[in-house]
Amino acid sequence: MFKGNALRQNGEDLKALECYEHFLKYESNNDALSFKGQVLHNLDRIDDALEIFNSIEDVELSKTGIGLVLYTKKDYPGALNAYGSAFEVNQQMYIAESIIDCAREFNFESALEIFNKYSKNPIAKYAAGLVNIEMDNYHDAIKSFESVLELTEDSIGFDSEFFTIFKYVHNNIDEKDSELIFSVLKNLYPVLKEVIEFKDKRISKNSSNLVHYTTPDAVRNLIKKDSHFRLSNVKYMNDPEEGEILLKNLKENKVKEIAEKHGLDREGNKKIDFGNEYPLQCFYDEIEGIDFQTTFIGSFLEQDDNLYLWRTYGRDSKKEEGKGMCVSISSKFFDKKPHITFDSLSSTDPELNINKNNNDMGFSPVIYDIIYDSEECIKKIIIPFLKDIEEYLHKLKDLSRDQGGKYKALVSTAVRAILDEVLYLVKSKNYQEEKESRILVTCGINHPKIKYNEDTGFPYKLYIEIEKPFREYIEKIVLGPCVDDCGRWKLYLNREGIKVKESNCKYR
């Protein structure tokens, strides 16, 4: 059975199925049956999987398996009922998450009915909070999250971005100002929902055709068997306006539809005049002291042999143009969904320790397509997003000024934790011919996985690593038009089992 598990985790489902079937000839085992059902499901043998799951005596394993199959069949009420039966036996987080997935396709009220049966279970209360957020019932969501804190001191596993934001706000506002918790979260949550949707739409559809230009020294390290891909800090990017383009356009009133600032409220009832300043910029005033979080970037392009790119990015360690290399990367390297947990918020108060397990989590290599501030992109992408969050940002701005600005730092920190990465998805139209995509990772400035590159001289440059064996994902390496000793490079890379070709660009 253990061999089957290893094969299944490696994606070798047919071989895993053989192992499970051989094992089950000699021993009846619920776990082995469940694993067999999951493999059959992966192989699209849906009815066979359902038969297996129905034969399992363990209720939790049986019902979660049945729920999986019915969800695939788009029988969402049936799947929800099966997962509900499993949750009745064992209130586990993975079952709660499956119930919420079904509810998104079917009915949120049905999910709440399941979770509300277990008023003393922190996982059920946490899940009820997430469902209420999906339904825009923020008051009930906050009450559910408060119950989680009352029921357990250990919040490991309660790692949704909504709960993390709640915990940060809740733990940093005085008890006598408790009403402010609801006011702040009521306006933070809609912004967070819009940002998640905005970023999901930017996840690259071209991840099967992406390359990374770098130096020969970097290639030498990347082809090692234990190599990891490095993300550089945003402060080292070639564009001096990284992360500032959107704020600059807003500050200078270059986004016409936003600059006018007139319209009805979200209910369409009351005329609103927001004045001359879009509220986002007030949360990004000049920062004094230690900035609580920072962003790291890995840049990827579509063209693997382009003269402009060789001159701009295809340099060696001595900055000589055309002497760099281009690494073509398998789409399997990139994740399809980010895990956004805002661990950076804990760095503002070491005693909070919001996500104690985050230090052990690898960073998520999700690839996003860049937005350029061309007239078309501003009209179709940026303006609708800015309008959707505008009213909430204005209310948060007002809340940050209440009581003489007592909670200005708290509100600004929360807003920036949500919006920082969005700013790094917008670049100047001067760069749009590059058609860049990038991995973005934002973390606390004191995150233990941030490393120093001492080869760059002092003060050392900061970087983080994507903890996947990068060598496995290299499909090809293109040698720049001015690379020295191309013959030696080709011979060596071929010996290492890596496809290689020389640039066809004519370089003078």
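Quick notes
- So GLU161, is it on the phi < 0 side of the Ramachandran plot, at pLDDT below 95 and surrounded by fewer than 16 Cβ atoms within 10 Å (Cβ to Cβ): no
- Subset of the range 236-268 [at positive phi and at pLDDT 80 or above]: GLY243
- If you go through the range 381-396 and pick out every residue that is within 20 Å of the chain's Cα centre (by Cα) and among the hydroxyl-bearing types (Ser, Thr, Tyr), you end up with 0.
- Boolean, LYS193 is surrounded by fewer than 20 Cβ atoms within 10 Å (Cβ to Cβ) and either assigned by TED's automatic domain parsing to the domain that holds PHE115 or touching a Phe, Trp or Tyr at 6+ places or on another chain (Cβ under 7 Å) (or both): no
- Residue match in the range 387-405 (condition: buried (at least 20 other Cβ atoms within 10 Å of the Cβ), within 15 Å of LEU185 (Cα to Cα), among the charged types (D, E, K, R) and not assigned by TED's automatic domain parsing to the domain that holds ILE173): yes
- Hits in the range 481-500 (condition: surrounded by 15 or more Cβ atoms within 10 Å (Cβ to Cβ) and charged (D, E, K, R)): LYS490
- Scanning the range 459-482 for residues that are more than 17 Å from SER328 (Cα to Cα) and over 33 Å from the mean Cα position of the chain (by Cα) yields a single hit, CYS482.
- Of the strands (runs of 3 or more DSSP E) lying entirely inside the range 413-508, the ones with 1 or more residues being among the charged types (D, E, K, R) and within 30 Å of LYS167 (Cβ to Cβ) are found at 437-444, 451-453, 461-466.
- Pair list, Cβ < 8 Å and 6+ apart or interchain, from the range 298-321 residues that are under 21 Å from ASN206 (Cα atoms) to residues that are part of a helix (DSSP H, G or I) and of a type outside the set (Asp, Glu): LEU301/LEU309; GLN303/LEU309
- Of all positions in the range 271-278, at least one carries a residue that is at pLDDT below 90 and either crowded, with 17+ Cβ neighbours inside 10 Å or within 22 Å of the chain's Cα centre (by Cα) (or both).
- Looking across the range 482-508, just one residue is more than 14 Å from VAL219 (Cβ to Cβ) and of a type in the set (Phe, Trp, Tyr), and that is TYR507.
The values are calculated or read from the model by the stated rules, or taken from the named source; none is laboratory data. These numbers were taken from a predicted model, which means no experiment stands behind them. All Cβ positions, even for glycine, are placed from backbone atoms using ideal geometry, and neighbour counts span all protein chains on display.
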